[in-house]
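A quick write-up on the structure given underneath.
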Amino acid sequence: MKLGDGEETMFGLDNWVNGQQPKRQFPSLFMVARNKLRRVVDEGLWEDDQWSWCINWPRDCFSNGKGNCDAS
């Protein structure tokens, strides 16, 4: 899938990561996302012709010592 500028691609809901929805590939991350309706363009920015992700998670996903976002 070609993302273009990311304006029309929903970050968690569209099939853009290896042809799949990120919410299905990474359900724990999708579960803690603050806004599940954001577009790809809303989650990063272009700096010096290079894309940089700027995802703001609601908590430190690695604070549980497991290296993931599982609450348990």
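What follows is calculated from the coordinates using simple rules that are stated; it is not laboratory data. The structure presented is a predicted model; accordingly, all values stated were derived computationally and were not measured. Counting neighbours? That spans all protein chains shown, and the Cβs are built from the backbone with ideal geometry, glycine included.
Here are a few things to note about the model shown:
- Close amide H contacts of GLY44 (hydrogens built in the peptide plane, cut-off under 5 Å, sequence separation of 5 or more or a different chain): CYS54.
- What the phi angles of the stretch 41-46 give under the Karplus curve with 6.51, -1.76 and 1.60, with θ = phi - 60°, is a coupling list of 4, 7, 9, x, 7, 8 Hz, glycine and proline written as x.
- Distance histogram for the stretch 1-59 (every C-alpha pair counted, 10 angstrom bins, percent rounded to whole numbers): 23, 55, 21, 1
- Integer Hz, Karplus 6.51/-1.76/1.60 couplings in order for the stretch 30-37, x for Gly and Pro: 4, 4, 8, 4, 5, 10, 7, 10
- Net +/- balance of residues flanking GLY12 in space, Cβ distance below 13 Å, scoring K and R +1, D and E -1: +3
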